[in-house]
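Below: the structure, in structure tokens.
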Amino acid sequence: MTTEQLHRAPVLVGGEELPTAYAPVLNPARISETVGEHALGGAREVDLAVSAAVAAFPAWATLAVGERAAYLLKAADSIEAELDDLAVLITRETGKALHDSRGDAVGAPKLLRQFAALADVIAAASERPAALPRPGRAVTRYVPMGPVGVIAPWNTPVYLAFNSIAPALIAGDTVVVKPPEEAPLALSQALALLADALPPGVVSNVPGLGTEAGAALSAHPAIRRMIFTGSVATGTAVMQAAAPTLKSLTMELGGNDAALVLHDAEIDDVMVREMVAGVFGASGQICYNIKRIYVHSSRFPEFTARFTELASRIRVGDGMDIRSTFGPVTTRAQYDRVLALREETAASGAKVTTVGERLDPDGWEDGYFILPSVVTGAAPDSRVVAEEQFGPIIPILPFDDEEEAVRLANATEYGLAASVWSADSDRAWALARRLEAGSVFVNVHRVGASPASVPFGGFKHSGIGRTHGLESVFDCMELQAVVEYEDPSLLPGTDHWNALLEARDV
């Protein structure tokens, strides 16, 4: 592949590309193949992008919400015309199966349209009367906040970036995006289309390393809010960088999601299929995939056997191969970590059953391919249970009663999502309310189960704030009160100040 054929992710500010050095982006399915290259933007480029966002903010913020919605709809149409190309590019840079990449790519126009559709509701809620204890007038107003920084993750780069960008834009904020260096190409292509549909400076894109561009964006004094999706460790770094300028934050961080299979669960083909999808979707690299399965001891052998049998039908290969259930993991670091975790778990005495089919055995070592593994007999405090694996390995553990199940599920500093599986809906709902997680699902737990109309985010170390729906829009706005009294002399403390006036008259 020649340099001219490479996909590029340039720094884009005010509709113009800025000159920088570039770094390669490799195909996780064939690491000898360079898919493209991304700019190595740093503090200088971030400062130029933020300056453009500051300059564009007043005009964008003063537009009516409906006018901003019209811009978003125009951008959605432009991006939708490129969905096929975007999906292929996502697969080539992340390794995801093409069907997963299509769901990722379609998130851009879908989310722009969903948030544009909230325009009337946002306008109606943006200014409301407030009660006063004395005659007068008061309102509360939601007003645009200012430039917002977005740092997007590599596992679902387009969908999750636009899940942050769209609410900020409809709220009236300008946006500077730092794409993931591992998978910046498709997102940068979508952002170029978005920026072209909006006034100059409303959206800028600064590809670069997290330690350079990401750190500079998080620390920039003119950024009013940071929206970050990624690991707890990186989220902590973003928070530390944002702290000196007291930025507000939305952070969707890691998860170690528990699924509880109760004694009365219907362990049939449909249920087990849903569980396998919830575990191994995108090679296990989804923040709210199932990471731990707890099964009532009376159903443990049956469930484990059926789950393992269905998982054995998984076919692992290049994401561009339509036969692939899932592709390679995306990064070398994650590949090494999952394999080391698998070896450590086996060495501890747990049973590690590796299943599935290699679609291309000859090319297996050319990519970051990992077959799925099912773990039984692991200690509850072992790393494979206590830490987020973020790969195709799943521990299954028994429990004896529901009190134990709740205790085990909650025994973590993560709290992104969880699920309860039972034939008794009321029983499942009662148990769901006891789980310490931002989202709890009943008889489902996979990508697509969290609707855009329902707030999404984590408890504890799994996050701050919420994405999805109106909540995420108003999180990108400041709440202002405007108050007027007909007769301020009726307010408390008037006598004290009147005494000053009387003293002057004397």
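The values are calculated or read from the model by the stated rules, or taken from the named source; none is laboratory data. None of the values given here were measured: they were computed from a predicted structure. With ideal geometry, Cβ positions are generated from the backbone for all residues, glycine too; neighbour counts draw on all protein chains shown.
Beta carbons closer than 7 Å, at least 6 apart along the sequence or on distinct chains, pair a first residue in segment 216-245 that is on the phi < 0 side of the Ramachandran plot with a second that is crowded, with 24+ Cβ neighbours inside 10 Å and of a type in the set (F, W, Y) for G235/F228; V238/F228. Reported count of residues in segment 457-466, each being in contact with a Leu (Cβ under 9 Å, 6 or more places away or on another chain) and either part of a loop (DSSP other than H, G, I, E, B) or surrounded by 22 or more Cβ atoms within 10 Å (Cβ to Cβ) (or both), is 6.
Okay, residues lined up against (1) under 30 Å from P153 (Cα atoms); (2) buried (at least 22 other Cβ atoms within 10 Å of the Cβ); (3) out of contact with any strand residue (DSSP E or B) (no Cβ under 8 Å at 6 or more places or on another chain); (4) among the aliphatic types (A, V, I, L, M):
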residue	(1), (2), (3), (4)
V279	yes, yes, no, yes
N289	yes, yes, no, no
I293	yes, yes, no, yes
R315	yes, no, no, no
G327	yes, yes, no, no
A346	no, no, no, yes
A350	no, no, no, yes
E357	yes, no, no, no
E365	yes, no, yes, no
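Taking residues in segment 321-332 that are modelled with pLDDT of 95 or more and assigned to a loop (DSSP other than H, G, I, E, B), and partners anywhere that are crowded, with 24+ Cβ neighbours inside 10 Å and basic (K, R), the pairs with Cβ atoms closer than 6 Å and at least 6 places apart or on different chains are G327/K96.
Of all the helices (runs of 4 or more DSSP H) wholly in segment 201-320, which have at least 3 residues that are more than 18 Å from the chain's Cα centre (by Cα) and of a type in the set (A, V, I, L, M)?
Here the list reads 215-219, 269-280, 300-311.
Of all the helices (runs of 4 or more DSSP H) wholly in segment 372-455, which have at least 3 residues that are under 18 Å from I286 (Cα atoms)? Working first, answer last.
Values: elements: 383-386, 402-410, 425-432.
Helices (runs of 4 or more DSSP H) meeting the threshold: 383-386.
Taken over segment 49-65, the criterion of being without any contact (Cβ under 8 Å) to a residue 60 or more places away in the chain and within 16 Å of A222 (Cα to Cα) is satisfied by P58 alone. Step by step: first the residues of segment 467-506, then only those that are part of a loop (DSSP other than H, G, I, E, B) and without any contact (Cβ under 8 Å) to a residue 12 or more places away in the chain, then the one that is surrounded by the fewest Cβ atoms within 10 Å (Cβ to Cβ). Which residue is that? The residue in question is V506.
Within segment 88-95, identify whether any single residue is in contact with a Ser or Thr (Cβ under 7 Å, 6 or more places away or on another chain), among the hydrophobic types (A, V, I, L, M, F, W, C) and closer than 30 Å to A29 by Cα, and answer yes or no. Within segment 88-95 (the criterion being in contact with a Ser or Thr (Cβ under 7 Å, 6 or more places away or on another chain), among the hydrophobic types (A, V, I, L, M, F, W, C) and closer than 30 Å to A29 by Cα), the answer is yes, since at least one residue qualifies.
The set of residues in segment 124-140 being modelled with pLDDT of 95 or more and either in a helix (DSSP H, G or I) or within 27 Å of A70 (Cα to Cα) (or both) consists of T140 alone.
Looking across segment 191-240, the residues that are touching a Leu at 6+ places or on another chain (Cβ under 6 Å) and farther than 21 Å from D47 by Cβ come down to T229, V232, G235.
Given the options S204, S312, name the one that is of a type in the set (S, T, N, Q) and either out of contact with any helix residue (DSSP H, G or I) (no Cβ under 6 Å at 6 or more places or on another chain) or modelled with pLDDT under 95 (or both).
Of the residues listed, the single one that is of a type in the set (S, T, N, Q) and either out of contact with any helix residue (DSSP H, G or I) (no Cβ under 6 Å at 6 or more places or on another chain) or modelled with pLDDT under 95 (or both) is S312.
Would you say A183 is in the same structural domain as T34 (by TED's automatic domain parsing), buried (at least 24 other Cβ atoms within 10 Å of the Cβ), small (G, A, S) and in contact with a strand residue (DSSP E or B) (Cβ under 7 Å, 6 or more places away or on another chain)? Reasoning before the result, please.
On the way: in the same structural domain as T34 (by TED's automatic domain parsing): yes; buried (at least 24 other Cβ atoms within 10 Å of the Cβ): yes; small (G, A, S): yes; in contact with a strand residue (DSSP E or B) (Cβ under 7 Å, 6 or more places away or on another chain): no.
No; evaluated as a whole, the condition is false for this residue.
Condition test on D196, is it farther than 30 Å from A282 by Cα and either surrounded by 20 or more Cβ atoms within 10 Å (Cβ to Cβ) or not charged (D, E, K, R) (or both)? Considered against the rule, which asks whether it is farther than 30 Å from A282 by Cα and either surrounded by 20 or more Cβ atoms within 10 Å (Cβ to Cβ) or not charged (D, E, K, R) (or both), D196 comes out as no.
V158 meets each of the listed conditions (1) without any contact (Cβ under 8 Å) to a residue 12 or more places away in the chain; (2) crowded, with 24+ Cβ neighbours inside 10 Å apart from (1).
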